Amino acid sequence: PVFFAFPVSLMLMFFYFNMICVLTSFAMIELYHEGGITLVDYIRALLQQLTVVEVAVSMTKAMVGGCLIGLASLYFGYHVEDRFTDVSRAISNSNTFQLFAF
């Protein structure tokens, strides 16, 4: 489950991050631009600039990164020698470090 869950969760994290960036940039435009723009016009302008290559690169990055993080987590969990209960701690510690590095 770790190997399959990380690519999906990383892709969802990228989606949430992009949505927050879009909404906060719209809010900043509304605050500092005198003419203003509607949200629909703003999203339409963004979609006109967005290409399929950019979406594919972002999805590929999430899938490859998620697979690598999942494999590394499995590696660290497998090499725990003390107690079986230390496996979850090793996976959690490695995940946190890898997400920050990624």
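Contact map, the stretch 9-36: residues that are touching a residue at least 24 places away in the same chain (Cβ under 8 Å) paired with residues that are surrounded by 12 or more Cβ atoms within 10 Å (Cβ to Cβ) and outside any helix (DSSP H, G or I), Cβ distance under 6 Å, separation 6+ or inter-chain. No pairs are found. Scanning the stretch 19-60 for residues that are closer than 30 Å to Y75 by Cβ and of a type outside the set (G, A, S) returns V57, M59, T60. The sole residue among V87, V80 that is surrounded by 14 or more Cβ atoms within 10 Å (Cβ to Cβ), in contact with a helix residue (DSSP H, G or I) (Cβ under 9 Å, 6 or more places away or on another chain), outside any helix (DSSP H, G or I) and not small (G, A, S) is V80. Being without any contact (Cβ under 8 Å) to a residue 60 or more places away in the chain, open to solvent by 100 Å² or more (accessible area, probe 1.4 Å) and of a type in the set (A, V, I, L, M) is true of L68. When S25, S58 are checked against the criterion of being among the polar types (S, T, N, Q), part of a helix (DSSP H, G or I) and surrounded by 14 or more Cβ atoms within 10 Å (Cβ to Cβ), a single residue qualifies: S58.
The values are calculated or read from the model by the stated rules, or taken from the named source; none is laboratory data. All values reported here derive from a predicted model rather than from experimental measurement. Using ideal geometry, Cβ is built from the backbone for each residue, glycine included, and neighbour counts are taken over all protein chains shown. Protein only, heavy atoms only, side chains kept; ligands, DNA and RNA dropped before computing areas. Shrake-Rupley method; radii C 1.70, N 1.55, O 1.52, S 1.80 Å.
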